[in-house]
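What follows is a single structure, written as structure tokens, with notes after it.
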Amino acid sequence: MKSKRTSWLLAAVSVTISLGLLFSCAQTKTETKAMPASYTEEELGLRQEPLYDESKTLPVHGETTSKEPGESTKYERSFENSPPLIPHDISGMLPLEKDNICMGCHMPEDAVFSGATPIPSSHLINLTTGEYLRGKLDGSRFNCLQCHVIQTTLSPAVQNIFKGEFRDEKGRYRSNLLNILNEGVKSE
């Protein structure tokens, strides 16, 4: 008696599930929506050029400054501790391989005499180990161009509405990264 009742119960559950699946998968009549206008490949992206032939496409780099060191305007940083822009021509200074000609003016002891922006103390410490390098540049900071870029005159492709904030007015032209690096970090 129990097995007959169990069989009927299983059959009823199976039929209920099957009907539920059948009705949930049934299509209902929907309104047809208009497709958006299609775009040609030349209309896509910011370049407004064909996407399939990169050989003829040149990136827009803008006009770089041709002023000698010390002659150009120094712009304030974009935000606190952002890398400053290079305000002078760097023709003849590249590539940075065995020697880094930038250090001749920007090492702290030389910047006093040259009037250049001094390399900050955060570049004279191995940030991984915390070891002070006794006035030597950390090897990971040797290639200046991995963070610093040359000032250029260029119209932006999109409007930039970012406004950097500075906790201290000196931060607009100087770095205090080493002093604040561990802010908010809990040491155990």
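The values are calculated or read from the model by the stated rules, or taken from the named source; none is laboratory data. Keep in mind it's a predicted model, so treat the numbers as computed, not measured. All Cβ positions, even for glycine, are placed from backbone atoms using ideal geometry, and neighbour counts span all protein chains on display.
With respect to the stated conditions, Arg134 fails to be of a type outside the set (A, V, I, L, M) and either touching an Asp or Glu at 6+ places or on another chain (Cβ under 8 Å) or touching a residue at least 60 places away in the same chain (Cβ under 8 Å) (or both). Within the range 140-168, residues that are farther than 24 Å from Met107 by Cα reach partners that are assigned to a loop (DSSP other than H, G, I, E, B) and of a type outside the set (D, E, K, R) with beta carbons closer than 6 Å, at six or more positions or on different chains, in the pairs Thr152/Gly62; Thr153/Gly62; Leu154/Gly62; Ala157/Leu46; Gly164/Ser78; Gly164/Phe79.
Based on what the data block shows, is Pro120 surrounded by 13 or more Cβ atoms within 10 Å (Cβ to Cβ) and in contact (Cβ under 8 Å) with a residue 60 or more places away in the chain? Against the criterion (surrounded by 13 or more Cβ atoms within 10 Å (Cβ to Cβ) and in contact (Cβ under 8 Å) with a residue 60 or more places away in the chain), Pro120 does not qualify. In this entry, Gly135 is excluded by the filter for residues that are in a loop (DSSP other than H, G, I, E, B), among the small types (Gly, Ala, Ser) and in contact with a Phe, Trp or Tyr (Cβ under 7 Å, 6 or more places away or on another chain). Applying a threshold of 8 Å to beta carbon distances and a minimum spacing of six or more residues, or different chains, the list of pairs starting in the range 174-188 at a residue that is of a type in the set (Ser, Thr, Tyr) and ending at one that is surrounded by 15 or more Cβ atoms within 10 Å (Cβ to Cβ) reads Ser175/Asn81; Ser175/Pro120; Ser175/Ser122. Scanning the range 25-69 for residues that are polar (S, T, N, Q) and either at pLDDT below 75 or touching a Leu at 6+ places or on another chain (Cβ under 6 Å) (or both) yields Gln27, Thr28, Thr30, Thr32, Gln48, Ser55, Thr57. Of Asn100, Asn160, all but one fail to be under 24 Å from the mean Cα position of the chain (by Cα) and not acidic (Asp, Glu); the exception is Asn160. Condition check: out of contact with any Asp or Glu (no Cβ under 9 Å at 6 or more places or on another chain) and under 20 Å from Leu178 (Cα atoms). Does Glu97 satisfy that? When the stated conditions are applied, Glu97 does not pass them. Here Ser114 fulfils each of the conditions (1) among the polar types (S, T, N, Q); (2) free of Cβ contacts under 8 Å to residues at least 12 places away in the same chain; (3) within 22 Å of Gly171 (Cα to Cα) apart from (2).
Comparison of Gly115, Gly130 shows that the only residue that is over 27 Å from the mean Cα position of the chain (by Cα) and not charged (D, E, K, R) is Gly115. Out of Ser66, Ser38, which single residue is free of Cβ contacts under 8 Å to residues at least 12 places away in the same chain and farther than 30 Å from Asp168 by Cβ? Result of the check over Ser66, Ser38: Ser38.
Taking the range 168-181 as the range and being loosely packed, with under 14 Cβ neighbours inside 10 Å, under 21 Å from Leu127 (Cβ atoms) and of a type outside the set (A, V, I, L, M) as the test, only Asn179 passes.
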